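So the structure is just underneath, and the comments pick up after that.
The values are calculated or read from the model by the stated rules, or taken from the named source; none is laboratory data. The structure presented is a predicted model; accordingly, all values stated were derived computationally and were not measured. As a convention, Cβ positions derive from the backbone with ideal geometry for all residues, glycine included, and neighbour counts pool all protein chains shown. Side chains included, ligands, DNA and RNA excluded: accessible areas come from the protein's heavy atoms. Shrake-Rupley method; radii C 1.70, N 1.55, O 1.52, S 1.80 Å.
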Amino acid sequence: LTACAHAQEPVPFDYRCDAAAAGATTPAALPADGWQRAEDGVLPRAAGSACWLRIDIAPLAPRVLSVGPDFQKPIEVAVFSRDGRPLATASRAGGRHQVIVGLPDALPPSSQLLFPTLRAEEGPVLMRVQRASAVTLTARDLVRSVQAQDNYNYARLGVGAVSLIATLAAVLLGVFGRDRGQFVFAALFAWTAIREWQAISPSLPASLAGGVWPISVLDGVWGCLMLLAAAQMLQLRQRAPRWNHWMVAAGVLFLLLIPLELIDLSGAVVPTYGALISTLFSVVGLGASWRVWR
């Protein structure tokens, strides 16, 4: 436990997210004063979307600098030496230079940026961050983080491959068996494969990655398809038409996650709404199953 905590030690840094920082594209344009200190290694979301960080990387060795907590969300990072030389760049929607992706020893798993080429003699380094959420800086063991990411990718890749096979089987059953209900299962398995592809996209080259998809789209469509597939499996349209209407209505409520995320600037409404409709998912699903069983 002590080794694990040491491997995930927060990295303190100085930061500024004011107008001067937002307009500066190189370290030379930054004023010398006006910096704030983050001893806990966390750059809060409320500080601003465009920020400059000043990080002393000398105490990190033999560990490496990690930026997270989640590379699934839009983020752009550029690291410079104290004399202004570019050292590393990364973008969730684009490529990476001198940056790799790793996974922490924590749940839920979330891919993080690792900077293995930063050396102590180049610091304190200056990092420009354009982000959409809070950012945490930690010191991590490089080998363990990369191995954890590989294991995670293999597992998700396996689920995606099985989902594609199930999609093909459902399509064949729908075409040759003339069962239109199979296409609901085909859509569900196909969307599951897309979610797995999105999960491993941070580790893939830019040409193979899936871009930045809003979490509300991935989860909202998947929840809707799950309810429709459950209604099809239980044959609710024939056995319990009223419960079938409830299942369809609950599926539509899942889709409302998509526009809600666009207008939820605080970031607090979507998680609450998601928890409520997940509870509704369970209640409606169990109620429909009990009705059919009776």
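Just a few scattered comments:
- Option label - Rg and Dmax of the Cα atoms in Å computed here, alternatives [x] 18.9, 60; [y] 23.1, 74; [z] 23.5, 78: [y]
- The chain - charge dipole about Cα centre, Lys and Arg +1 at Cβ, Asp and Glu -1, debye rounded to 20: 1160
- Segment 153-282 - percent relative contact order, Cα under 8 Å, separation 6 or more: 20
- Computed with a 1.4 Å probe over protein heavy atoms only, the accessible surface of the chain comes to 53 Å² per residue.
- Gain on full extension, evaluated as 0.36 nm per residue between Leu172 and Arg239 minus their Cα-Cα distance, stands at 21.5 nm.
- The chain: calculated mean residue ellipticity at 222 nm from DSSP helix runs of at least 4, using -39500 (n - 2.57): -15000 deg cm²/dmol
- Remark: the Arg82-Ala132 segment gains 15.4 nm on full extension, using 0.36 nm per residue and subtracting the alpha carbon distance.
- Rounded percent of accessible protein surface that carbon and sulfur make up, the chain, 1.4 Å probe: 65
- Zone residues, segment 266-286, relative to Leu256, backbone N less than 19 Å from point 7 Å out along Cα-to-Cβ: 266-285
- Computed over the chain with a Gaussian network model linking Cα atoms closer than 10 Å, the most mobile of Ser216, Ser145, Ser282 is Ser282.
- With R₀ set to 22 Å, the beta-carbon distance separating Ser49 from Val269 gives a calculated FRET efficiency near 0.70.
- Karplus 3J(HN,Hα) series, Hz, for segment 25-36 with 6.51 cos²θ - 1.76 cosθ + 1.60 (x for Gly, Pro): 10, 9, x, 5, 7, 8, x, 6, 9, x, 7, 10
- ³J(HN,Hα), Karplus 6.51/-1.76/1.60, whole Hz, each residue of segment 269-280, x for Gly, Pro: 6, 4, x, 5, 5, x, 5, 5, 6, 5, 5, 4
- Integer Hz, Karplus 6.51/-1.76/1.60 couplings in order for segment 239-250, x for Gly and Pro: 8, 8, x, 5, 5, 5, 5, 5, 5, 5, 5, 5
- Centroid-to-centroid separation of segment 209-233 and segment 183-203 [C-alpha atoms, Å]: 9
- Using the Cβ-Cβ distance between Ile165 and Val217 with R0 set to 22 Å, the FRET efficiency works out to roughly 0.35.
- Note on Asp179 and Ala206: the model spin-label points, each 7 Å out from Cα along the C-beta direction, lie 4.6 nm apart.
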